[in-house]
Ligand code: GAL
């Protein structure tokens, strides 16, 4: 099937389109897809989803596009491919309902052939409805937030997602690739069909290997061609060498079905292609995870699907930037928490080299929110799971499938054990090559009333009959899993290894501030194959999950436990982001990420101070929080007052100098409060503070902080100068308020206005501030810690675009993009 993007020029309207008359009454808004209808709305205090969605409301809306279908297309197959629509979508063609899709993250294909008028304009309408109760535990976005493709082919064609390829062996100088091509024969005749597959190094023209076969496909039916491709001198794919091939499949048939095909030029043919990488994978408890035969530990980060200032809009460049930045910290894997990702995120991982723990669901039949997928799971799981696996199963980047996250059925309630096995089996039938997993958590839920009654459980767990309660309750749930995902249960790895010596364990989700303890253990135990932090990149919703703050010693809040200051308890309006990540939503690296890079081997030194105003206070943090270390040495009014300093380093010793004078040299801690940390105290004096790391007495690296002056200038930084005029490219322009020496002013809260002229548009404008009621789609934003970000999205026209950023008292700054 030829796929053509249909993303340009849709009309967006609020409400349900029940009659064509409404198209006249409401002119709507012209938008290009991907489009998120939620991100441009105002947040509200009484939002029903509250901190789940970061106080963004859902709604009902519709999208319409008129598509001219030429008369010559008569007799061809036409379809629409949606990469995900949020949510409860219905698709109409010329007023006729042709499909419905509840799950907002699963791709789906709609055959529109029977409903089209040829030689005429056709109306495509998509209605969406996110419900009136919370439908998720995070910000979902709303509408056509991923792309839409028009699929066109002859009546004998390659099915949507009809190519499946995997490497059966890649050793020595040959890779043995198996390919399946699903051929659909919608004609009234039986056909002999020639199927050809070619492997072409990505970006090149020359075919590196091919394979052909002739198969029989009966009238009005479908059949798979099974091909073997032997590729000489393969370039294998892994996260450090993301070597890709284009796998192109062609089918043709001259209408005969009894004799072999003769070469003819005018035979209608169909073709399809995908990106492919030669790579093998296996996992066992003795050797761990092997990728292309080499042991790999997954340095992982959980990611939600939103793109911060863009809301849920998924653009290749926004996803690719995220992946590039995660690699800078040392991440080699992401977990698509807790749903199928966009196809462009998968492509970014393929192109840049990032392993994916590809996850299907956050809820099965037992819900987590009244309006969530649990309502549709029983009816739809197989369809949605199949569409997801079929889309991603040839991707070299996908290394593990996950059937779900913290599924309440893990203790067996609500058909849990059978479903767990059925889901794993359904995946293995579609793709037997990759391990299947599930992120399982402790039994804080998922037990029947008797076991769950608080006091009963608390008193009895791990004693007598309740000993190893989790292991006993979840063992049947793990049937069919090749890797058992442990969410927040690193304390059980050793014990469980003794109980289940063959079990491959993966830390599928863990607290960020504990990585320094976990990583050395993971490195030295083959049966634990990696660790995923919650989360690698901040996200909208679950607002305030990782909050940390200072409280007075006599404030009653200091007696609260970490779970008592979790989002629902203390994240009041307008808390917006989870604030638990290595990067903020604009892509600025936070101390948490710097810490992780040190744990994972970086020899850099990172120096921070703590706010001297909080010197006598108690730091409060949720489990997902991180100490409030600041890249800052500007504390006017605190001259002569005590101040704390923190240094991350993997060296043996660290020495700190204040204005050139040593305040001490210390061993870097291996223990509490955190490995790879050295803490100091001094008296604040403006100037420069510097930390130096030493191994065997020799300096390995250093870092410094300086007292900065008043904001003097707006600084714009952008890695890109050129955007593709395809409506999908983007540039993130980082904005800093800097002093006369070009240093970011950490306290600057300056109101900025951004204007864009030219074919690009301002797709998102805001800061990493986790608590804000700003609208990222308007032209104003206040800098947070002296910083903001503007995301420019390309249009469909060529030309120069100009971003100008204004602030009262500052010279406007401009930046040009071609
Ligand atoms: C986990 C869950 C995540 C996130 C995290 C922080 O239990 O799997 O989705 O909610 O807790 O609350």
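Checking 544, 530, 507 one by one, the residue that is within 14 Å of the ligand (Cβ to nearest atom), within 26 Å of the chain's Cα centre (by Cα), at positive phi and at pLDDT 95 or above is 544 and no other. Report whether or not residue 426 is away from the ligand (no atom under 16 Å from the Cβ), more than 19 Å from residue 503 (Cβ to Cβ), part of a loop (DSSP other than H, G, I, E, B) and in contact (Cβ under 8 Å) with a residue 40 or more places away in the chain. No. Residue count for the stretch 576-622, restricted to those that are within 16 Å of the ligand (Cβ to nearest atom) and surrounded by fewer than 19 Cβ atoms within 10 Å (Cβ to Cβ): 1. Scanning the stretch 308-337 for residues that are farther than 17 Å from residue 592 by Cα, within 9 Å of the chain's Cα centre (by Cα) and either in contact (Cβ under 8 Å) with a residue 60 or more places away in the chain or within 16 Å of the ligand (Cβ to nearest atom) (or both) turns up 335, 336, 337. Out of all the residues in the stretch 245-257, is one or more in contact with a helix residue (DSSP H, G or I) (Cβ under 8 Å, 6 or more places away or on another chain), at pLDDT 95 or above, surrounded by fewer than 20 Cβ atoms within 10 Å (Cβ to Cβ) and assigned to a strand (DSSP E or B)? The answer is no; no qualifying residue exists. Within the stretch 191-209, being surrounded by fewer than 18 Cβ atoms within 10 Å (Cβ to Cβ) and either out of contact with any strand residue (DSSP E or B) (no Cβ under 9 Å at 6 or more places or on another chain) or at pLDDT below 95 (or both) holds for 192, 205. Condition check for residue 740 on (1) in contact (Cβ under 8 Å) with a residue 60 or more places away in the chain; (2) surrounded by fewer than 13 Cβ atoms within 10 Å (Cβ to Cβ): one failure, at (1). Of the residues making up the stretch 754-771, those that are touching a residue at least 40 places away in the same chain (Cβ under 8 Å), assigned to a strand (DSSP E or B) and closer than 19 Å to residue 318 by Cβ are 754, 756, 762, 763, 764, 765, 766.
Here the strands (runs of 3 or more DSSP E) wholly within the stretch 556-666 that include at least 3 residues being under 26 Å from residue 686 (Cα atoms) are 606-609, 642-648, 653-658. Residue count for the stretch 356-372 satisfying the condition of being assigned to a loop (DSSP other than H, G, I, E, B) and within 19 Å of the chain's Cα centre (by Cα): 4. For the stretch 772-805, a residue qualifies if it is in contact (Cβ under 8 Å) with a residue 40 or more places away in the chain, assigned to a strand (DSSP E or B) and surrounded by fewer than 17 Cβ atoms within 10 Å (Cβ to Cβ), and the qualifying residues are 802, 804.
Which of the residues that make up the stretch 701-719 are modelled with pLDDT of 95 or more, in contact with a strand residue (DSSP E or B) (Cβ under 9 Å, 6 or more places away or on another chain) and in a loop (DSSP other than H, G, I, E, B)? Hits for the stretch 701-719 are 707, 708, 711, 712, 718.
The residue list 222, 146, 152 contains one member that is under 32 Å from the mean Cα position of the chain (by Cα) and either surrounded by fewer than 17 Cβ atoms within 10 Å (Cβ to Cβ) or closer than 19 Å to residue 386 by Cβ (or both), which is 146.
Within 16 Å of the ligand (Cβ to nearest atom), surrounded by fewer than 24 Cβ atoms within 10 Å (Cβ to Cβ) and closer than 17 Å to residue 102 by Cβ: is that true of residue 371 in this structure? So residue 371 does not fit the description; no. The condition (being in contact with a strand residue (DSSP E or B) (Cβ under 9 Å, 6 or more places away or on another chain), surrounded by fewer than 21 Cβ atoms within 10 Å (Cβ to Cβ) and not assigned by TED's automatic domain parsing to the domain that holds residue 487) is satisfied by just one residue among 637, 625, 697: 697.
Selection within the stretch 429-458: residues that are at pLDDT 95 or above and assigned to a helix (DSSP H, G or I). The member of this set that is nearest to the ligand (Cβ to nearest atom) is 430. Considering only residues in the stretch 547-567 that are more than 21 Å from residue 629 (Cβ to Cβ) and surrounded by 14 or more Cβ atoms within 10 Å (Cβ to Cβ), the one that is farthest from the ligand (Cβ to nearest atom) turns out to be 560. Checking residue 482 against (1) part of a loop (DSSP other than H, G, I, E, B); (2) free of Cβ contacts under 8 Å to residues at least 24 places away in the same chain: exactly one of these is not met. Which one? Single failed check for residue 482: (2). Of all residues in the stretch 269-300, those satisfying the criterion of being within 15 Å of residue 346 (Cα to Cα) and buried (at least 24 other Cβ atoms within 10 Å of the Cβ) are 276, 277.
The values are calculated or read from the model by the stated rules, or taken from the named source; none is laboratory data. Just so you know, these numbers come straight off a predicted model, no measurement behind them. As a convention, Cβ positions derive from the backbone with ideal geometry for all residues, glycine included, and neighbour counts pool all protein chains shown.
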